[in-house]
Amino acid sequence: MTPTDSAAKRDSNPVQLPFIIANVAAMVAHPESVPWRRFREGVEIHRLHGSGDAGTSAALLRYAPGASVPQHVHRGHEHIFVLAGSQSDERGHHRAGTLVVNAPGTRHSVSSAEGCVVLAIWEQPVVFI
């Protein structure tokens, strides 16, 4: 399967766990192969599993240059792996290759001056303030 076929299949059918993405780097290198959906102004999402309404979920997020996500509180752990570009929050500037883990109860806002693609894994949905 090409990255396009793989991404389209995941987006059109409910994901059955476990699932395997054989080459995340190919998805990042060819973002046009991913069926992105609007998440917030300037930020797109491709859900890998979970609805984002309850329980665990995972997604790729793509920030356009200058995009941001407003302050939110984490009800569970959040793992962010920066795959391309960089993003910043109140704790610093995080470049590609950085893993950020936010604990339950923490809050922050996120921005990306240059744009980025991140893998986000949430234990619970966040609450926007």
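The values are calculated or read from the model by the stated rules, or taken from the named source; none is laboratory data. Everything numeric here is computed off the predicted structure, so don't read it as measured data. Cβ atoms come from the backbone with ideal geometry, glycine included; neighbour counts cover every protein chain shown.
Which residue, of Ala67, Ala58, is within 25 Å of Val101 (Cβ to Cβ), touching a Leu at 6+ places or on another chain (Cβ under 8 Å) and at pLDDT 85 or above? Spell out how you get there, then give the answer.
Details: Ala67 fails: touching a Leu at 6+ places or on another chain (Cβ under 8 Å).
The match here is Ala58.
Which of the following residues is crowded, with 16+ Cβ neighbours inside 10 Å, modelled with pLDDT of 95 or more and touching a strand residue (DSSP E or B) at 6+ places or on another chain (Cβ under 9 Å): Val100, Val28?
Working: Val28 fails: modelled with pLDDT of 95 or more.
Answer to the check: Val100.
Looking at (1) in contact (Cβ under 8 Å) with a residue 12 or more places away in the chain; (2) in a strand (DSSP E or B), which is the one condition that is false for Arg38?
(1)
Within the range 1-12, does at least one residue satisfy the condition of being modelled with pLDDT of 85 or more and of a type in the set (Asp, Glu)?
Going residue by residue through the range 1-12, those that are modelled with pLDDT of 85 or more are none.
No, because not a single residue in the range 1-12 is modelled with pLDDT of 85 or more and of a type in the set (Asp, Glu).
If Pro70 passes every condition in (1) without any contact (Cβ under 8 Å) to a residue 24 or more places away in the chain; (2) surrounded by fewer than 18 Cβ atoms within 10 Å (Cβ to Cβ) but one, which one does it miss?
Of everything listed in (1) without any contact (Cβ under 8 Å) to a residue 24 or more places away in the chain; (2) surrounded by fewer than 18 Cβ atoms within 10 Å (Cβ to Cβ), Pro70 misses just condition (1).
Take residues that are under 14 Å from the mean Cα position of the chain (by Cα), within 23 Å of Pro35 (Cβ to Cβ) and basic (Lys, Arg) and tell me which of the strands (runs of 3 or more DSSP E) falling wholly in the range 47-129 contain 1 or more.
In the range 47-129, the matching strands (runs of 3 or more DSSP E) lie at 57-63.
Determine which single condition Gly55 fails, assuming it passes every other condition in (1) buried (at least 17 other Cβ atoms within 10 Å of the Cβ); (2) at positive phi.
Here Gly55 clears every test but (1).
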